[in-house]
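Before any comments, here is the structure.
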Amino acid sequence: MGDVFRALADPTRRLILDELTERDDQTLFEICSRLMTKHGSTSSRQAISQHLAVLEEADLVRSRRAGRTKVHRLNPEPLRSLTARWLTDTGGE
């Protein structure tokens, strides 16, 4: 769970998750382009790649190979598990 918090702590990683929420199955090039055009990001492809690696470590993003390209997709399960921890109905109120 600590990896999820660490991954969500960075605003660029949150923007990446926002973009994958809007449209799954994006390549690194597509993610970089969307971050630059929609959010004015000046991060390099290498920096975005490193952010994606952190998101993959936290299992928030999953990727697969499509030929020579890596395609990224949002995995919402860690977020569901995280919120379920505190959003369960205790019946106390």
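Residues whose amide H lies under 5 Å from that of residue 61, counting only those 5 or more places away or on a different chain, are 56, 75; hydrogens are built 1.01 Å from N in the peptide plane. Cβ under 10 Å from residue 30's Cβ, residue 30 left aside: what net charge do those residues give with Lys, Arg +1 and Asp, Glu -1? Once positives and negatives cancel, what remains is 0. Picking from 49, 81, 41, which is most flexible by a Gaussian network model of the chain using Cα springs under 10 Å? Evaluated over the chain, the most mobile residue of the options is 81.
Here the relative contact order of the chain, from alpha carbon pairs under 8 Å that lie six or more residues apart, stands at 32 percent. Here the Gaussian network model covers the chain, with springs between Cα atoms less than 10 Å apart; of 14, 68, 45, 68 fluctuates the most.
For the stretch 24-93, the Kirkwood radius over C-alpha pairs fed into Stokes-Einstein at 4 °C and 1.567 mPa s yields D = 93 µm² per second. Between the listed residues 29, 74, 53, the Cα displaced farthest toward the positive end of the dipole of the chain, a dipole computed from Cβ unit charges relative to the Cα centre, is found at 29. Under a 5 Å amide H cut-off, with hydrogens placed 1.01 Å from N, residue 70 pairs with 28 among residues at least 5 apart or on other chains.
Summed over qualifying helices (DSSP H, 4 residues or more, each -39500 (n - 2.57)) and divided by its residue number, the chain shows a 222 nm mean residue ellipticity of -17500 deg cm²/dmol.
Bear in mind that the values in this text are calculations on the coordinates, not laboratory data. Here the structure is a predicted model, which means the values were calculated and not measured. Note: ideal-geometry Cβ built from the backbone for every residue, glycine included; neighbour counts use all protein chains shown.
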